[in-house]
Amino acid sequence: MNRYKLLTPGPLTTTDAVKKQMLEDRCTWDDEYKSITQQIRKELVRIAGTTEDKYTAVLMQGSGSFVVESVLTSVVADEDMLLIIANGAYGERMAQMAKIIGLQHEVYNVPYNEYPTLQHVEELLKDQNFTHIAIVHCETTTGILNPIAEIGNIAKKYNATFIVDAMSSFGGVEMNIEELQIDYLISSANKCIQGVPGFGFVIANKEKLLDTKGTARSVSLDLYDQWRVIDVDGKWRFTSPTHVVAAFAEALKELAEEGGVKARTARYAANNAYIRQRLAKVNMHAYIDEAKQSPIISTFLFPNAEFNFQDFYENMKKTGFVLYPGKLTDVDTFRIGNIGDVSIEDLSVLCDAIDQYMGVNV
């Protein structure tokens, strides 16, 4: 039984059935376990709206950031030039990775509550020799959902490889990787698929991936070599998180049973709208405009100067909910995620508790 409902963008609240899969020990060399890996890979490609002749799924040990760094260090060669579009902490983290790896790159910084200007993106590609573009789809810093379709079209026009960090959106927002012109889509087990932390994955354009052989600057993060080995029979290069993999396979089944990504998107959107509407009534307003808002997580401005987030957090935790602190530097905020095994009924209990808290403390 869950002690708390995690209202975060991952790790998140999982079902008992997903947790139960982690009670069994599995051998990485066993054919049954390797077949689980292969089935996961097939299903991820299908969810991305494409086929295995064009795209392949590569699973990689570690957190989502490990997998982002795997892509950057493995697919951007020394002679290449990377444009990073950043309007949040995770875009900025990609820039930090690019600097440490030693990639030739430029960062187009955008205010956290704004979209990148498409005209400026096109001007950058037109005027400079960018071979790759990278952006975060759902920036959980704020909850903004970036316009990747339009940016993908620009990338295609200028023959640039398009890298999308879809960590907090894949499985929870409908998308077709081919139509979006995405060459490398990155996500994680503990986000909208509703598994547990321990590995991430890349859904990669096979033609592009084949050209990256020998590019990686790391052994453990070598995306090409990881794919080359795992593609044979499902055996990972290094020790895989067996319990997490089994839980993820169950989470994929639950996604299908819910009605697929379309149904999950609808549930998440209803959750998100409900939270925003209820909190607005107690002077807790969203930082991101509704038109730019993802159905994953919302950032809220402090309702007044006296508001103490730590006190608020502890009170909500006593009610059974774990919230998320803000990640902005210019204004005071906190965040509420609405993905995972969370219903409107759960959120009604939370919002009633917030109403009571604000009534006492305003």
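Values in this text are rule-based calculations from the coordinates and carry no lab data. Remember, it's a predicted structure, so these values are computed and weren't measured experimentally. Cβ placement follows ideal geometry from the backbone for every residue including glycine, while neighbour counts extend to all protein chains displayed.
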Using alpha carbons only, how many angstrom separate the centre of segment 204-260 from the centre of segment 68-96? 20
Charge dipole (debye, nearest 20) of segment 296-362; +1 at Cβ of Lys and Arg, -1 at Cβ of Asp and Glu: 160
Work out Dmax and Rg for segment 260-361 from the C-alpha atoms and quote the Rg first, both in angstrom. 13.2, 43
Sparsely packed trypsin sites (Lys or Arg not before Pro) within segment 121-182, loop by DSSP, other Cβ within 10 Å at most 10: none
On alpha-carbon atoms, Rg over Rh for segment 142-290 using Kirkwood Rh? 1.02
Cβ-based charge dipole, the chain, positive-most Cα from GLY64, GLN38, LEU118: GLN38
Hydropathy at least 0.0 by Kyte-Doolittle, axial extent at least 20 angstrom from the Cα trace: which helices of the chain, defined as entire DSSP H runs, fit? 242-258, 344-361
Once the convex hull of the C-alpha atoms of segment 1-129 is built, how many Å³ does it hold per residue, rounded to a whole number? 190
Hey, could you grab the Kirkwood Rh for the chain? Inverse mean 1/r over distinct alpha carbon pairs, Å, one decimal. 21.0
What are the lysines whose alpha-carbon lies under 17 Å from the alpha-carbon of LYS191, with same-chain residues fewer than 8 places away excluded? LYS5, LYS19, LYS253, LYS262
Hey, what did segment 16-256 get for relative contact order, percent, Cα under 8 Å, at least 6 apart? 30
Quick check on the chain: of the DSSP beta bridges with both residues there, what percent are antiparallel, nearest 5%? 55
Only four residue types carry charge here, +1 at the Cβ of Lys and Arg and -1 at the Cβ of Asp and Glu. Report the dipole size of the chain about the Cα centre in Debye, rounded to the nearest 20. 460
